[in-house]
Amino acid sequence: MPTVPEKIETALFTRALALSITGDPPLAWPNIPFPDEGEDKPLTFIEVRHFPNRNTRVLISAAPHMRQGILQFTIFTPRNNGYDLATQLAGEIAAHFPADLDMFEDDVRVRVQQAPDIIPAEVTEDQVSWSTRVDVRYDCFK
């Protein structure tokens, strides 16, 4: 039987899979092979990462815990092509995860806490790409 952390991640990733954004760039998932160099590496893609945070016990006499975390999207676009595409994709991802959006997996409800944060873009370490990050903060009481 799936655990609460598994159900949270499934709810988040299921919503991410439903993204329909400009150009339909491929998603790079945690611990799944993705072309990271050479001819097969796409020029535009989105890396998906999940960062669960510390659990907080809400009441001593009750079982529910507040479970929080961040579903993070890092958008990679070609360097020296302007900022428009990265900004557009970031906005489309943010719109797909509006504040108070509820996502469910079985008996687990995951809620987007606030409008997603769009982090200013920067050149990647390898100097090849322009990257912009979108952080989706969520909580779950279970």
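The values are calculated or read from the model by the stated rules, or taken from the named source; none is laboratory data. Remember, it's a predicted structure, so these values are computed and weren't measured experimentally. A quick note on method: Cβ atoms are made from the backbone with ideal geometry, for glycine too, and the neighbour counts reach across all protein chains shown. When the accessible area is computed, the model is the full protein with side chains, heavy atoms only, and any ligands, DNA or RNA have been set aside. Shrake-Rupley method; radii C 1.70, N 1.55, O 1.52, S 1.80 Å.
For this structure, a couple of remarks:
- Ligands, DNA and RNA aside, VAL128 has an accessible area near 90 Å² when probed at 1.4 Å.
- Here r is the Cβ-Cβ distance between ALA62 and ILE119 and R0 is 41 Å; the resulting FRET efficiency, rounded to 0.05, is 0.70.
- Across the chain, the relative contact order, built from alpha-carbon pairs under 8 Å that are at least six residues apart, equals 25 percent.
- The chain - percent of accessible surface contributed by carbon and sulfur, probe 1.4 Å: 51 percent
- With contributions of -39500 (n - 2.57) from each DSSP H run of at least four residues, the per-residue ellipticity at 222 nm computed over the chain stands at -6000 deg cm²/dmol.
- When you filter the GluC sites (Glu not before Pro) in segment 1-79 for DSSP loop state and at most 13 other Cβ atoms inside 10 Å of their Cβ, you are left with GLU37, GLU39.
- Average accessible surface area per residue within the chain, 1.4 Å rolling probe, Å²: 60 Å²
- When the chymotrypsin sites (Phe, Trp or Tyr not before Pro) in segment 83-132 are filtered for DSSP coil states and for at most 14 other beta-carbon atoms within 10 Å of their beta-carbon, the remaining sites are TYR83.
- Per residue, the convex hull around the alpha carbon atoms of segment 1-130 comes to 133 Å³.
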